[in-house]
Amino acid sequence: MLLYLEPSSNGLKRSSLELITAARAVAGGSTITGLVIGATEEQLAVAGEYGLQECIVITGTTPQQAGNSNVAKIIADTATELGTKTVLFAANSTGKDVAPRTAVRLQAAIIPDCVELHGTTGAIEAVRPVFAGKAFQRLSSTTPTTVFTLRPNVFTAKKSDAPVQTAVRSKTVTIGADVRTTVVTNTTLNQGSLDVAEADIVVSGGRGLKAPEHFNLVEDLANALGGAVGASRAVVDAGWRPHREQVGQTGKTVSPTMYVACGISGAVQHLAGMSSSKIIVAINKDKDAPIFKVADYGIVGDVFDVLPKLTAKISALTSHN
């Protein structure tokens, strides 16, 4: 079983730790191998605690330098060398792009956006939501190799009861000229901004905020809760917030521990991206808004009245802890 892992500044991304946890449940005694590009041994130190038996570290390039086409080639070549039957990706922005490319190279079936895995490697049955989460499919594959992408924040990352010492080996890859590559020469980092797909808590705003300058109310609540800021499609289309914050069918699918929807009516496209959140809190002045149908807790009120008071209460509580 091969897992595509992604490094973060302080180790591995939580979605990668979730992959390792999910793989343990369906490995069936087969070796769990990770593949990561450009990571250090310090970043991989935590992998053994979650049960990763071995990891191949690709050196000589970075994911940005290689480009997703080359990353897919590296993963597919490695899967072929190992004779693996199962390849796992996180269903984040990277995985959604690289996984299909990898499946094509391996002539493999791909089952995307999985929320459950059952069985053992080579005979895994996956469950994925369809029709904006109103129904679920149970799928399996008969191809020699199957590629799965797993929805982030659904498979809770848990340390193994029997931690292992991850066997790390390096592999140098030279990027050839046969695959198109885009080299990123300059990036601007938004310091301190959490990714909505990785965060435990997401506070999202919609058109109920009326203007972009009012999003400070959402930001203040997110900061008080230690969460990420999200946005509805209408808000992003209006240019109020960047696309990386968009939650929904055409944005990012999130499954945080808590999702707070502020001034969001709950269109089906938005619900498709957040309805699998563990706890949903809705704040809307329209008591008949569709968002209340999926909410665990609802506050009928004007966001301009509710958000400052809620933020003040939470700030007061956290300041005492």
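The values are calculated or read from the model by the stated rules, or taken from the named source; none is laboratory data. These figures come from a predicted structure and were not determined experimentally. Backbone-built Cβ (ideal geometry, glycine too); neighbour counts: all protein chains shown.
Would you mind finding the one in Val247, Val300 that is under 21 Å from Val154 (Cβ atoms) and not aromatic (Phe, Trp, Tyr)? After ruling out the rest, the residue left standing is Val247.
This table checks each residue for (1) touching a strand residue (DSSP E or B) at 6+ places or on another chain (Cβ under 7 Å); (2) farther than 17 Å from Arg24 by Cα.
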site	(1), (2)
Ala126	yes, no
Phe131	no, yes
Thr142	no, yes
Arg151	yes, no
Phe155	no, no
Ala167	yes, no
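Is it the case that some residue within the stretch 297-311 is part of a loop (DSSP other than H, G, I, E, B) and outside the structural domain of Cys114 (by TED's automatic domain parsing)? Taking every residue of the stretch 297-311 in turn, at least one turns out to be part of a loop (DSSP other than H, G, I, E, B) and outside the structural domain of Cys114 (by TED's automatic domain parsing).
Taken over the stretch 1-26, the residue count meeting the criterion of being in contact with a strand residue (DSSP E or B) (Cβ under 9 Å, 6 or more places away or on another chain), surrounded by 17 or more Cβ atoms within 10 Å (Cβ to Cβ) and small (Gly, Ala, Ser) is 4. A residue that is assigned to a helix (DSSP H, G or I), within 20 Å of Leu209 (Cα to Cα) and β-branched (Val, Ile, Thr) can be found somewhere in the stretch 267-275.
Taking the criterion of being in a loop (DSSP other than H, G, I, E, B) and surrounded by fewer than 18 Cβ atoms within 10 Å (Cβ to Cβ), the residues of the stretch 27-56 that qualify are Ala27, Gly28, Gly29, Ser30, Thr31, Gly38, Thr40. Confirm whether Thr94 is hydroxyl-bearing (Ser, Thr, Tyr), in contact (Cβ under 8 Å) with a residue 40 or more places away in the chain, under 19 Å from Ile32 (Cα atoms) and in contact with a strand residue (DSSP E or B) (Cβ under 9 Å, 6 or more places away or on another chain). No: the conditions fail for Thr94. Exactly one residue among Ala234, Ala222, Ala199 is assigned to a helix (DSSP H, G or I), under 24 Å from Arg14 (Cα atoms) and small (Gly, Ala, Ser), and that residue is Ala222. Counting only residues that are more than 18 Å from the chain's Cα centre (by Cα) and farther than 19 Å from Ser255 by Cβ, give me the strands (runs of 3 or more DSSP E) lying completely in the stretch 71-151 with at least 3 of them. Fully inside the stretch 71-151 and qualifying: 123-130.
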